[in-house]
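These notes are about the structure you will find just below.
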Amino acid sequence: MKRSILIHPDPRLKKVCDPVPDLSDDLRVLADDMLETMYDAPGIGLAAPQIGVLSRLIVLDCSKSDNGEDARPLVMFNPRVIASSEEQNVYEEGCLSIPEQYAEVERPKVVDVEWLDRDGVLRTETFDGLWATCVQHEIDHLDGKLFIDYLKPLRRQMITRKMVKLKKERAREKA
């Protein structure tokens, strides 16, 4: 089931999420809903707080179907970066909770991430390039951090004002 994505500013997007203590069927359904929501948006990553659930759960898929790559949906419970490269990478990031706003953000180029998969199996993988950026961006969401928090204050305020205006416009459309 497709879920509604919260738009910044929303206090839930700034909260640190609780670890997932045990995997349940409800959490697996939530993960499936998040994948459906992410693909529909369309996006390459989505964190549970973006749909108002304050649990440490992210989904991502950075495969490019236009390059003939098969979809590679990843579901990560309690993900954490356990190692990162000294080498940095800059990507123009966007966010489903901050629609149509993009900015260059510098992050480690390569990261090792540990997480529980949907079956409760502990996984570790090395991510590079766009995958590394995406997984770090989504883990940031679990810690109450948005990509605009990496920007200079004036730029961050400008984007926040645009989002406030967008939320008002959407509220008027629904009324």
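The values are calculated or read from the model by the stated rules, or taken from the named source; none is laboratory data. Everything numeric here is computed off the predicted structure, so don't read it as measured data. Counting neighbours? That spans all protein chains shown, and the Cβs are built from the backbone with ideal geometry, glycine included. To get the accessible areas, we keep the full protein, side chains included, count just its heavy atoms, and leave off ligands, DNA and RNA. Shrake-Rupley method; radii C 1.70, N 1.55, O 1.52, S 1.80 Å.
Converting the Cα gyration tensor eigenvalues of the chain into ellipsoid dimensions via √(5λ) gives semi-axes, longest first, of 24, 20, 16 Å.
Do the sum for the chain: with -39,500 (n - 2.57) for every DSSP H run of n ≥ 4, divided by all residues, what is the mean residue ellipticity at 222 nm, to the nearest 500 deg cm²/dmol?
Values: 3 runs with 52 residues, N = 175.
Rounded to the nearest 500, it is -10000 deg cm²/dmol.
Most fluctuating residue of D70, D40, D18 in a GNM of the chain with Cα springs under 10 Å: which is it? Ranking D70, D40, D18 by mean-square fluctuation puts D70 first. Computed over protein heavy atoms with a 1.4 Å probe, the accessible surface of the chain works out to 54 Å² per residue. Cross-link partners of K15 among lysines, defined as those whose alpha carbon lies under 29 angstrom from its own and excluding same-chain residues fewer than eight positions apart: K2, K109, K145, K152, K162, K165, K167, K168, K174.
Counting every alpha-carbon pair across segment 91-175, the share separated by more than 14 Å comes to 70%.
May I ask you to give the percent of accessible area on the chain that is carbon plus sulfur, with a probe radius of 1.4 Å?
Working: 4670 of 9530 Å².
Accessible surface attributable to carbon and sulfur in the chain totals 49 percent.
Among the GluC sites (Glu not before Pro) within segment 29-115, those in coil by DSSP and having at most 12 neighbouring Cβ atoms inside 10 Å are E69, E86, E87.
Per residue, how big is the convex hull around the C-alpha atoms of segment 1-92? Give it to me in cubic angstrom, could you? Display every interim value, and only then the final one.
Numbers: hull volume 13.2 nm³, N = 92.
With only Cα atoms used, segment 1-92 gives 144 Å³ per residue.
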